[in-house]
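Heads up, the thing below is written out as structure tokens.
All of the numbers you see were taken from the coordinates with simple rules; none came from a lab. Predicted model only: the values in this text are computed from it and were never measured. All Cβ positions, glycine included, derive from the backbone under ideal geometry; neighbour counts span all protein chains shown.
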Amino acid sequence: MIAYNKNSNLILLTSTLGIVILATISSSPIWLTLVIILFHIFMVLCIESVRNKKSINLGINEKNTSTVHTLSNIMDNISYGTIIIDKNQNIKYANKSAREIFGNRNSNKRVSIFIKDPNIKSWIEKSLNGGSPNPITYLVEKPVNRHIRLLFASLPEGNKSSEENSAIIFLNDVTEYIFMQSQRTDFLANASHELKTPVASLLGYIETLEGHAKHDEKAREKFLGIMHVQAERMQHLINDLLILLRIEQIEHIIPEESVDLSHAVETALEALNPMAMKRNISINFSSNGPKIVKANSDELVQVVLNLVDNALKISEKNTQIDISISRNEEHKSYAGSGIKGGNKRVIVEISEPDSTHYCLKIKDNGPGFAKDHIPRIGERFYRIAGDLGSKEKGTGLGLAIVKHIIMRHRGGLDLQTAEGVGSEFCISLPAPK
């Protein structure tokens with residue numbers, strides 16, 4: 001039966017009445033009038049049927065277009081990379097995350113161009129045939145090294161034959177996880193090594209004092225002094241390990257207190273003043289009123305202590321350290337405004353760059369750092385004075401503590417350094433809204 005709507009009824013009734021009136025006026029035979037009416041009814045219904053089919057098809061096409069657009073938006077906003085491969089192993093679709101990994105120019109190109117693994121062809125073929133290859137981890141080397149976990153699955157297309165099936169590949173960036181696993185292994189190895197050295201030294205001196213140096217006052221005084229230094233080194237190391245562990249445990253909790261950044265700087269400088277005087281290094285800082293930020297007061301003091309302590313250790317005597325605080329409506333690369341040339345590095349990227357922040361700059365006039373060392377700044381047990389000839393080397397955990405405190409505060413940490421000129425750190429902390 002041909003379906004028609006209410007508009008068809010109205011058109012049919014009006015036109016039929018018109019034909020009857022015309023036939024009456026013109027005195028046409030009744031059979032001719034009936035034929036004309038029936039033919040007219042048939043034509044109206046045919047026209048309406050065609051119009052209904054076009055309307056339905058148009059609605060379906062609009063619905064399909066809307067569905068595809070919605071699915072594309074959904075796929076582009078998921079964190080996993082997703083690519084769809086056809087039977088020829090060409091990329092039919094890649095979402096935003098996948099394009100970031102493999103680049104934007106990947107449409108209709110073979111997946112083997114981007115995943116250069118000799119087994120990729122067999123993995124995809126197995127997926128196209130309905131199989132489930134085991135997930136594998138692949139290293140993407142450009143533009144930077146990234147470890148990508150690949151998960152394969154078949155993606156049948158409706159009622160089409162299996163020859164036209166597609167495969168879908170999910171890409172999960174596990175670089176950070178692998179890096180953390182490596183860091184954990186290195187951390188345990190380095191911690192045991194760092195503790196083993198002073199412990200072995202203490203045991204050696206104790207055995208000496210218990211042995212042939214038992215009655216040697218001069219040797220006893222010398223060895224006790226060395227033992228004291230080694231014991232203090234162990235104490236500092238253990239304290240820093242405990243601080244770092246505590247910070248990492250609460251790193252997911254954002255501080256909500258409003259504290260004065262200027263006061264935190266002044267508190268830290270009071271504790272470091274004796275060391276600065278001993279090395280004849282002047283520290284220039286003018287607070288110019290309170291600078292309120294969202295932070296934990298004790299942790300802010302810890303950040304300033306660690307950075308200025310490092311600056312004092314690596315700087316030559318009779319130099320100076322400049323500290324300043326500025327308000328910025330949006331985060332940019334602030335670090336390095338006082339350092340000409342050199343190398344920059346974003347150690348911690350700020351989480352909300354468009355919000356208002358205070359930038360604390362700590363600039364020294366030391367020797368600066370070699371380019372090879374810059375990527376390792378903030379790494380556990382990396383001694384910032386490792387090749388600078390300083391006798392006052394730290395535990396190698398100071399900047400790691402700073403880094404994790406800034407991460408907990410959702411702030412930023414930037415560095416600019418130039419050999420023979422000095423270094424400048426910039427700590428960005430969010431202001432209360």
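Hydrodynamic radius of the stretch 178-249 by the Kirkwood approach over all distinct alpha-carbon pairs: 14.1 Å. Annotation: amide H-H contacts under 5 Å for Leu397 (H modelled 1.01 Å from N, sequence separation of 5 or more, or interchain): Phe381.
Just list whichever of Lys196/Lys278; Lys291/Lys403; Lys222/Lys403; Lys196/Lys371 have alpha carbons separated by over 29 Å in the model shown. Checking Cα-Cα distances, Lys196/Lys278; Lys222/Lys403; Lys196/Lys371 exceed 29 Å. Placing +1 on the Cβ of every Lys and Arg and -1 on the Cβ of every Asp and Glu, with no other charges, gives the stretch 255-430 a dipole of roughly 560 debye about its Cα centre. Couplings 3J(HN,Hα) for the stretch 227-244, derived from phi with the Karplus relation 6.51 cos²θ - 1.76 cosθ + 1.60 (θ = phi - 60°), are 4, 5, 4, 5, 5, 5, 4, 5, 4, 4, 4, 5, 4, 5, 4, 5, 5, 4 Hz, where x marks Gly and Pro. Per the Cα gyration tensor, the stretch 255-430 maps to an equivalent ellipsoid with semi-axes of 23, 18, 15 Å, ordered largest to smallest.
Using a cutoff of 8 angstrom between alpha carbon atoms and counting only pairs six or more residues apart, the relative contact order for the stretch 178-249 works out to 33 percent. Taking every Cα-Cα distance in the stretch 218-335 and sorting them into 10 Å bins from zero, the calculated P(r) comes out as 11, 30, 35, 17, 5, 2, 0 percent. Close amide H contacts of Ile321 (hydrogens built in the peptide plane, cut-off under 5 Å, sequence separation of 5 or more or a different chain): Ser282, Ile283, Asn284.
Between amide H atoms placed 1.01 Å from N, distances below 5 Å from Gly366 occur with Ser423, all of them 5 or more places distant or on a separate chain.
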